[in-house]
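The values are calculated or read from the model by the stated rules, or taken from the named source; none is laboratory data. Remember, predicted model here, so these are calculated numbers, not experimental data. With ideal geometry, Cβ positions are generated from the backbone for all residues, glycine too; neighbour counts draw on all protein chains shown. To get the accessible areas, we keep the full protein, side chains included, count just its heavy atoms, and leave off ligands, DNA and RNA. Shrake-Rupley method; radii C 1.70, N 1.55, O 1.52, S 1.80 Å.
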Amino acid sequence: VPRVPTLAEYWDRFAVQYVANQKPATQRGYMSIWANYLRPVLGDLPLDMIDRPSLARLKERLERLPSLSSRNQVLYKLKTIFTTAQDAYVIEDVPMIKVYKEPKKPDPIVYTEEEADRLIDAALADERDNAAIILLLMHCSLRVSEVCALRWSDVDYRRKVVTICHNYSAGEESTPKGILTAPVGLTPELAAALAASAFSRSVSAWSVFSGEITHHSAHTIRSRLNAMQKA
């Protein structure tokens, strides 16, 4: 009977075959959780020897994380490791890993039409490219990371569409959430705001909000949004 690898031994395989194929942010999450929680507590144990007492020790270490959702992220990723090991016939059974019960999330705050119009008016009154940023968020429902990564080649004035095919987070380019590209409508207001942008459109690969292959960050986009909200 083949020896069951320790979690640390299996991690090397898992990192190459699974983690390396995830988006950059997901990869960073796995690496951080492995280094700070899974490796120190469970790394030396064979996969089939990770039992209730060892999982209890892991939960003790998780107490340093203030939010239940952060603790659950560790447990969900551990579950994924076990599931892939089972699918690869490395282990027969996946141990029961009980996650924390999280409180119900509050309902999101949704702007009224009047509030949305006020926000757009504040952005239009600003001399920077805030109108284009606000309208991409509101008319196209782009995520902040997708606004950061938008390129002129993604904007088609003739067909009146914006194609969401880039994502930029923590200094790395990637694909949109869900991987698939998606076209969304280009409203006349957004088209006018983009056309009025101060940045060059001469190179289609350039980022809309930089003029070169550099980007706004999520922080700078949110700062602009917060300023418009205050205005």
Next on the checklist: Checking the condition of a type outside the set (Gly, Ala, Ser), open to solvent by 20 Å² or more (accessible area, probe 1.4 Å) and touching a helix residue (DSSP H, G or I) at 6+ places or on another chain (Cβ under 8 Å), which residue from Val99, Val147, Val162, Val110 passes?
Outcome noted: Val99
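I'd like the full set of residues that are open to solvent by less than 40 Å² (accessible area, probe 1.4 Å) and small (Gly, Ala, Ser), limited to region 183-195.
Residues of region 183-195 that are open to solvent by less than 40 Å² (accessible area, probe 1.4 Å), as a first pass: 184, 186-187, 190-191, 193-194.
Selection gives Ala191, Ala193.
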Next on the checklist: Cβ-Cβ under 9 Å, sequence separation 6+ or interchain: first residue in region 1-14 and of a type in the set (Val, Ile, Thr), partner part of a loop (DSSP other than H, G, I, E, B). Which pairs?
Outcome noted: Val4/Val90; Val4/Ile91; Thr6/Gly43; Thr6/Asp44; Thr6/Leu45
Checklist entry - Of all helices (runs of 4 or more DSSP H) completely enclosed by region 24-91, which ones contain at least 3 residues that are open to solvent by less than 40 Å² (accessible area, probe 1.4 Å)? => result 24-33, 52-62, 68-87
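Pick out the one residue from Ala20, Ala116, Ala8 that is of a type in the set (A, V, I, L, M) and modelled with pLDDT of 95 or more.
Values: Ala20 fails: modelled with pLDDT of 95 or more; Ala116 fails: modelled with pLDDT of 95 or more.
On inspection, the qualifying residue turns out to be Ala8.
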Item to check | Search result, residues across region 178-231 that are modelled with pLDDT of 85 or more and charged (D, E, K, R) | outcome: Glu189, Arg222, Arg224, Lys230
Next on the checklist: Could you go through region 96-105 and let me know if any residue there is within 24 Å of Pro188 (Cβ to Cβ), over 21 Å from the mean Cα position of the chain (by Cα) and not acidic (Asp, Glu).
Outcome noted: no
Next on the checklist: Considering only residues that are in contact (Cβ under 8 Å) with a residue 24 or more places away in the chain and not in a loop (DSSP other than H, G, I, E, B), which ones fall in region 92-122?
Outcome noted: Leu119, Ile120, Ala122
